[in-house]
Amino acid sequence: MGGSRHTTIAAASPSAVSASSGSGLVGTVLAHGVTQGTVKLRATGRTDVVVRTITIAPGGSTGWHYHHGQLLTVVTSGTLTRTLQDRSVEVTPAGSVFIEPSGPEHRHIGRNTGSVPVVLYVTYLLPHGSPLAVNTEAPTWFDE
């Protein structure tokens, strides 16, 4: 979505009589998306929080995989098409947000069937020491 946005953040304690501006602080919005409903994230115990960008070229895919923790993903460019373990297909355009659940029962593949790169900003909430993703075989019913 467009160029980068910068935000200045000011904080005040509840007992402050007058607000004051912060200084020397610059924040940059890396991605912005809108959810289609309620978002619930859960992590228990020591959790690795990783934020990264992923770019999928036109015609490219993630391969079949799953995650040991939840992912919060913002699509900033293109349209991501995901085929899920239960044979359902989810299409997520730029400006949208989705959550990927954890566990091998939630294996999936993300594909770029469009003509522009798909760019994702992904926040991983993983049990400490877990890999970002676990590659797995495609289901027997899947025919690319």
Using a ≥ b ≥ c from the Cα gyration tensor of segment 83-128 (square roots of the eigenvalues), is it rounded, prolate or oblate, where a/c under 1.5 gives rounded and otherwise the larger of a/b and b/c decides, a/b for prolate? oblate
Mean separation of Cα pairs under 8 Å and 6+ residues apart, divided by the residue count of the chain: what relative contact order is that in percent? 30 percent
So how do 48-57, 134-143 stack up, highest first, on mean other-Cβ count within 10 Å? 48-57, 134-143
³J(HN,Hα), Karplus 6.51/-1.76/1.60, whole Hz, each residue of segment 104-113, x for Gly, Pro: x, 6, 10, 5, 6, 9, x, 10, 10, 9
Identify the trypsin sites (Lys or Arg not before Pro) of segment 53-141 meeting these criteria: DSSP loop state and at most 10 other C-beta atoms within 10 Å of the C-beta. R87
Using R₀ = 22 Å, calculate the FRET efficiency as 1/(1 + (r/R₀)^6) where r is the Cβ-Cβ separation of F142 and I99; round to 0.05. 0.50
Run the Debye formula on the Cα coordinates of segment 32-135, all scatterers equal and no solvent, and tell me log10 I(q)/I(0) at q = 0.10, 0.17 1/Å. -0.25, -0.76
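Where a number appears in this text, it was derived from the coordinates with a stated rule and is not lab data. Everything numeric here is computed off the predicted structure, so don't read it as measured data. Note that each Cβ is placed from the backbone with ideal geometry, even for glycine, and that neighbours are counted across all protein chains shown.
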